[in-house]
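Colleague: Dropping a structure here in structure tokens format, bear with me for questions.
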Amino acid sequence: MKLTISFLVLFYIPLMIRAQSSTIYESKKFSYPNGKKKAVILSYDDGLKQDIHLIKLLDKYHIKGTFNLNSGLMGSTAPWLNDLIGQEGNYIKSSDIKSIYRRHEVAVHTVNHPALNTINKEAEIINEVIGDAKYLSDLVDYKVKSMAYPFGAYNDFVIKTLTTSEITNARTVISTYSFDLPDSLLVWHPTSHHSNALPSIKEYISLVPTNPTVYVLWGHSWEFDQGKPDNNWEMMKRICQEVGRKDDIWYVGAAEYVDYILAIQNSTIENGEIINNSSIPIWVTKEGKSIKIK
């Protein structure tokens, strides 16, 4: 069965302000909720039990994570981890997913973690991606719309197939070391892997941007058990201390961030007025001030 895309339903709410440019998104004439210009997204893969320790760190420093999970591996062992950390790993059980990730976002990592660029049948890709999304959505009681590519592997065929799904964003593993907004939501390159993130994080914290920016940090929580100089729990604690609890940062999951970006992109300008066509509030910039449009 071929699935067709379901686009966001946009509700027309005629709350307007005087516009200064023809395209709000392209001209960056907007801000994040409450006028913020910085956003931080943490995206972590695989769903092994090390996520529990990581979540305790994130919660302590008021940081939100997006956790990309494999529904077909839940509750099983991960013998492959023995070669990386010296002991076998364990995936979190499906019955524990809702409680463990209750303050964070659950996202797709496919059912069985295949390299999607090696699959040439649309139905197989759909089964891996949409099968995972449906299973996870049933577990957490909300629509799962974010994704991270297993092994960071994708190609044009995979991307084209994803456009027939309800996945709104998909993260790669190619670090940009940039704070720019994503060029493509289905080929969303992160800012940095955690192993070499501290310099760019310190730069981001000191940044006072005039336009919206975003920092996407990615990795796997099991990596910290390697105990290497660039991969250990103390290092991740330092990252959380640096980036967490900042009043000028929007800590957000990938799906919520993308919903907001789409709301900005779908706003319109009629007779010099900005119209918010979405069901969520947006913040736009006028004369140097951020104004909320419901």
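The values are calculated or read from the model by the stated rules, or taken from the named source; none is laboratory data. All figures in this text were calculated on a predicted structure; none of them were measured in a lab. When we count neighbours, we look across all protein chains shown, and the Cβ atoms used for this are built from the backbone with ideal geometry, even at glycine.
Colleague: For the stretch 26-70, name all the residues that are in contact with a strand residue (DSSP E or B) (Cβ under 9 Å, 6 or more places away or on another chain) and over 20 Å from Val214 (Cα atoms).
Modeller: Matches in the stretch 26-70: Asp46, Gly47, Leu48, Lys49, Gln50, Asp51, Leu54, Ile55, Leu69, Asn70.
Colleague: On the basis of being closer than 24 Å to Gln241 by Cβ and modelled with pLDDT of 95 or more, does Asp83 make the cut? Reasoning before the result, please.
Modeller: Working: closer than 24 Å to Gln241 by Cβ: no; modelled with pLDDT of 95 or more: yes.
Criteria not met by Asp83.
Colleague: Something else about it: Give Lys143, Lys160, Lys121 a once-over and let me know the one that is among the basic types (Lys, Arg), exposed (fewer than 15 other Cβ atoms within 10 Å of the Cβ), modelled with pLDDT of 95 or more and touching an Asp or Glu at 6+ places or on another chain (Cβ under 8 Å).
Modeller: It is Lys143.
Colleague: Of the residues Lys56, Lys64, which is under 25 Å from Leu198 (Cβ atoms) and free of Cβ contacts under 8 Å to residues at least 24 places away in the same chain?
Modeller: Lys56
Colleague: So in the stretch 204-242, with the set limited to residues that are among the aromatic types (Phe, Trp, Tyr) and over 21 Å from Tyr257 (Cα atoms), which one is nearest to the chain's Cα centre (by Cα)?
Modeller: Step by step, filter the stretch 204-242, then rank; the result is Trp222.
Colleague: A further question on this structure: How many residues does the stretch 170-189 contain that are surrounded by fewer than 19 Cβ atoms within 10 Å (Cβ to Cβ) and among the aromatic types (Phe, Trp, Tyr)?
Modeller: Residues meeting the conditions: 1.
Colleague: Moving on. From the list Leu81, Leu57, exactly one residue is part of a helix (DSSP H, G or I), buried (at least 19 other Cβ atoms within 10 Å of the Cβ) and over 20 Å from the mean Cα position of the chain (by Cα). Which is it?
Modeller: Among Leu81, Leu57, only Leu81 is part of a helix (DSSP H, G or I), buried (at least 19 other Cβ atoms within 10 Å of the Cβ) and over 20 Å from the mean Cα position of the chain (by Cα).
Colleague: If you don't mind, another one. Residue by residue through the stretch 96-110, note down the ones that are touching a residue at least 12 places away in the same chain (Cβ under 8 Å) and either buried (at least 20 other Cβ atoms within 10 Å of the Cβ) or of a type in the set (Gly, Ala, Ser) (or both). It would help to see each step written out before you state the result.
Modeller: First, the residues of the stretch 96-110 that are touching a residue at least 12 places away in the same chain (Cβ under 8 Å): 97-98, 100-101, 103-110.
Hits for the stretch 96-110 are Ile97, Tyr101, His104, Glu105, Val106, Ala107, Val108, His109, Thr110.
Colleague: Further question: Those residues that are under 28 Å from Trp283 (Cβ atoms), polar (S, T, N, Q) and in contact with a helix residue (DSSP H, G or I) (Cβ under 9 Å, 6 or more places away or on another chain), I need them from the stretch 33-85; list them, please.
Modeller: Within the stretch 33-85, Ser43, Thr66 meet the criteria.
Colleague: Scan Ile280, Ile239, Ile261 and give me the residue that is within 23 Å of Val106 (Cα to Cα), hydrophobic (A, V, I, L, M, F, W, C), surrounded by fewer than 19 Cβ atoms within 10 Å (Cβ to Cβ) and at pLDDT 95 or above.
Modeller: Ile280
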